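Asks: A single structure is presented below for examination.
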Amino acid sequence: MKFISILSVFLIFSFSNSVLSQENDEARVGEILKIGDSKNHQYSDVRFPKPNFIIKKGGIANYEKLAGTLVEITEIKTSSNNQTVVLLKRRDGKKFFGSFPEIKAYYNDAIASGELSRS
């Protein structure tokens, strides 16, 4: 009987803890995030355009200046495989690479990998 009581308390505690941690992982419109460093300027979860598209649009493909840039979530979507996709715009009002007003990011993956962080 003691074993069942201890097991039930453990299960209730672990369930309530997982519910509380999920609430903090949700994206909110208006949330401010900071772009982090990426190895060799290869961002996998923040979807920056490829250099050839940046150049075609008249922009400058300089990924080095992105680290530390503050961005704001403007829209939240759920993709077909239940990933949270957010649209980000720069907090200072400038365009990314001088030609893209918004970019997309896979929110949970980008936070976990360090490409985006809460500020």
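Asks: Starting from the eigenvalues of the Cα gyration tensor, five times each then square-rooted, give me the equivalent ellipsoid semi-axes of the range 27-118, largest first, whole Å. Numbers along the way, then the final one.
Replies: Details: eigenvalues 79, 39, 37 Å².
Taking √(5λ) for each Cα gyration eigenvalue gives 20, 14, 14 Å.
Asks: Show which lysines lie in cross-link reach of K50 when reach means a straight Cα distance below 26 angstrom and same-chain residues fewer than eight apart are skipped.
Replies: Answer for K50, where 26 Å is the Cα cut-off: K34, K39, K65, K77, K89, K94, K95, K104, listed by chain and number.
Asks: Given R₀ = 30 Å, what would the calculated FRET efficiency be for S113 paired with I4, taking r from the Cβ atoms and rounding to 0.05?
Replies: Values: r = 41 Å, r/R0 = 1.36.
With R0 = 30 Å, the Cβ-Cβ based efficiency is 0.15.
Any read-out appearing in this document is the output of simple, stated calculations on the displayed coordinates, not a laboratory observation. All of these numbers come straight from a predicted model, not from anything done at the bench. Neighbour counts run over all protein chains shown; Cβ positions are idealised from the backbone, glycine included.
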